[in-house]
Amino acid sequence: MFQTLAKVVEKRILTDQIILVTLRSEELTNNVKPGQFVNVRVSETCYPYLRRPFSYCDVERDTFKLMFTIYGQGTKMLANASIGSKFDVIGPLGNGFNLDDDFENAIFVGGGLGIAPFPFFTRVLKNKKNIYTYIGARTKEFVVTYGLQNYKIATDDGSIGFNGNVVELLKNDLDKKFFNGKIKIFGCGPTPMLRALKQLSEEYDLICEVSTEEAMACGFGICQGCPIELSDSSGFKLVCKDGPVFNVKEIKL
Ligand SMILES: Cc1cc2nc3c(=O)[nH]c(=O)nc-3n(C[C@H](O)[C@H](O)[C@H](O)COP(=O)(O)OP(=O)(O)OC[C@H]3O[C@@H](n4cnc5c(N)ncnc54)[C@H](O)[C@@H]3O)c2cc1C
Ligand code: FES
């Protein structure tokens with residue numbers, strides 16, 4: 001884990017509200033795993049006080065990309081950053097997705113900006129596993145396919161792709177026995193989507209890991225501010241340090 005200044009080298013506007021920022025730093029790009037994240041100080045002043053966490057969206061040589069929605073003050077500041085400006089960033093943080101399980105088909109399921117870690121994951125697994133990507137969004141205006149491959153889209157209003165939620169779309173394909181070989185599901189998105197994935201993975205007896213989200217301050221286990229309850233009610237783990245990726249069986253959703 002490093003704390004260092006990362007320089008903005010590129011900025012792309014993907015949709016009205018979704019921005020892709022590329023930063024350069026050797027330290028923050030060494031030995032990163034898909035699913036890990038950085039904690040960014042978005043301002044040099046005390047406002048906003050807390051850093052903002054973002055998944056590694058992609059990593060290439062000494063650069064990394066962050067994909068984010070302009071949500072509040074912090075993301076607005078990051079979106080307004082000029083090329084050449086520098087941000088104080090801590091990373092790589094957390095535990096990423098586990099690639100050691102026995103599977104041939106990687107199924108990525110992303111809800112909204114939950115697709116953020118999957119461009120990097122696609123790069124890492126390309127030519128090693130079969131990749132199937134399921135993108136869920138409210139309407140076609142919120143669909144982002146940047147860096148993804150072999151994808152299907154579900155929208156809540158049916159404005160593009162399947163009319164319904166992304167887990168229903170995946171369930172249809174599982175019922176049709178669309179996949180050949182062992183499957184592992186990787187999910188990232190809002191909690192109701194992760195809950196539905198947990199039910200689906202139990203129903204079909206599939207391994208499933210999900211990236212969870214919790215408001216964070218330190219990002220590395222000091223402040224105790226990001227607990228998540230374990231499914232056997234034995235206690236809590238920290239999303240920043242023990243996660244953000246968990247086997248879905250392990251946590252209460
Ligand atoms: C591990 C992880 C990875 C993430 N990856 C992405 C990603 O790739 N792309 C993406 O778009 N979003 C991602 N998020 C969500 C992202 O961090 C939030 O969208 C962002 O912090 C919003 O900040 P803001 O200043 O724009 O919004 P604000 O409107 O300022 O924040 C919303 C509210 O939350 C409070 N808040 C903000 N940050 C914190 C904090 N750190 N601790 C406690 N309260 C806080 C604010 O005070 C405010 O009340 C991720 C979150 C986590 C935990
Ligand atoms: S954010 Fe501080 S312990 Fe997780």
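In this structure, S201 does satisfy being over 20 Å from L93 (Cβ atoms), of a type in the set (S, T, N, Q) and either in a helix (DSSP H, G or I) or open to solvent by 60 Å² or more (accessible area, probe 1.4 Å) (or both). Of the residues making up segment 2-43, those that are part of a loop (DSSP other than H, G, I, E, B) and of a type in the set (A, V, I, L, M) are L14, V32, V42.
Answer yes or no: is there a residue in segment 221-231 that is part of a strand (DSSP E or B), open to solvent by 80 Å² or more (accessible area, probe 1.4 Å), more than 14 Å from ligand 2 (Cβ to nearest atom) and at pLDDT 95 or above.
Keep residues of segment 221-231 that are part of a strand (DSSP E or B), which gives 227-230.
Filter again for open to solvent by 80 Å² or more (accessible area, probe 1.4 Å), leaving none.
Within segment 221-231, not a single residue is part of a strand (DSSP E or B), open to solvent by 80 Å² or more (accessible area, probe 1.4 Å), more than 14 Å from ligand 2 (Cβ to nearest atom) and at pLDDT 95 or above.
Sort out which residues of segment 42-64 are under 27 Å from D100 (Cβ atoms) and surrounded by 20 or more Cβ atoms within 10 Å (Cβ to Cβ), and write them in order of number. Residues satisfying the conditions are P53, F54, S55, Y56, C57, D58, V59, F64.
Conditions (1) more than 19 Å from the chain's Cα centre (by Cα); (2) in a strand (DSSP E or B); (3) buried (at least 18 other Cβ atoms within 10 Å of the Cβ), marked per residue:
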| residue | (1), (2), (3) |
| --- | --- |
| V210 | no, yes, yes |
| A215 | no, no, no |
| G219 | no, no, yes |
| C240 | no, no, yes |
| F246 | no, yes, yes |
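Among the residues of segment 1-46, write down those that are of a type in the set (G, A, S) and free of Cβ contacts under 8 Å to residues at least 40 places away in the same chain.
Quick first cut of segment 1-46, residues of a type in the set (G, A, S) only: 6, 25, 35, 43.
S43, the sole residue that qualifies.
A quick yes/no check of all residues on (1) under 20 Å from the mean Cα position of the chain (by Cα); (2) over 17 Å from G112 (Cα atoms); (3) of a type in the set (S, T, N, Q); (4) within 13 Å of ligand 1 (Cβ to nearest atom):
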| position | (1), (2), (3), (4) |
| --- | --- |
| K7 | no, yes, no, no |
| I13 | yes, no, no, no |
| Y49 | no, yes, no, yes |
| S55 | yes, no, yes, yes |
| T69 | yes, no, yes, yes |
| G72 | yes, no, no, yes |
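When you scan segment 173-180, do you find a residue that is within 28 Å of G91 (Cα to Cα) and without any contact (Cβ under 8 Å) to a residue 60 or more places away in the chain, even just one?
Let us first name the residues in segment 173-180 that are within 28 Å of G91 (Cα to Cα), namely none.
Within segment 173-180, not a single residue is within 28 Å of G91 (Cα to Cα) and without any contact (Cβ under 8 Å) to a residue 60 or more places away in the chain.
Remark: pairs (first residue in segment 188-214, at pLDDT below 95; second residue within 15 Å of ligand 1 (Cβ to nearest atom); Cβ separation under 7 Å; 6+ apart in sequence or on different chains) = E213/P244; E214/C226; E214/I228; E214/V239. Taking segment 82-95 as the range and being open to solvent by 10 Å² or more (accessible area, probe 1.4 Å) and either touching a Gly at 6+ places or on another chain (Cβ under 9 Å) or not β-branched (V, I, T) (or both) as the test, the residues that pass are S82, G84, S85, K86, F87, D88, I90, P92, G94, N95. Summed over segment 1-41, residues that are open to solvent by less than 10 Å² (accessible area, probe 1.4 Å), hydrophobic (A, V, I, L, M, F, W, C) and more than 22 Å from I70 (Cα to Cα) total 1.
When both residues are 6+ apart or on different chains and their Cβ atoms are under 8 Å apart, which pairs have a first residue that lies in segment 51-71 and is within 11 Å of L23 (Cβ to Cβ) and within 16 Å of ligand 2 (Cβ to nearest atom), and a second that is open to solvent by less than 50 Å² (accessible area, probe 1.4 Å) and not in a strand (DSSP E or B)? Correct list of pairs: F54/A116.
The values are calculated or read from the model by the stated rules, or taken from the named source; none is laboratory data. What you are looking at is a predicted structure, and each value in this text was computed from that prediction instead of being measured. Positions of Cβ are generated from backbone atoms using ideal geometry, with glycine treated the same way; all protein chains shown enter the neighbour counts. Surface accessibility is based on the protein's heavy atoms, side chains included, excluding ligands, DNA and RNA. Shrake-Rupley method; radii C 1.70, N 1.55, O 1.52, S 1.80 Å.
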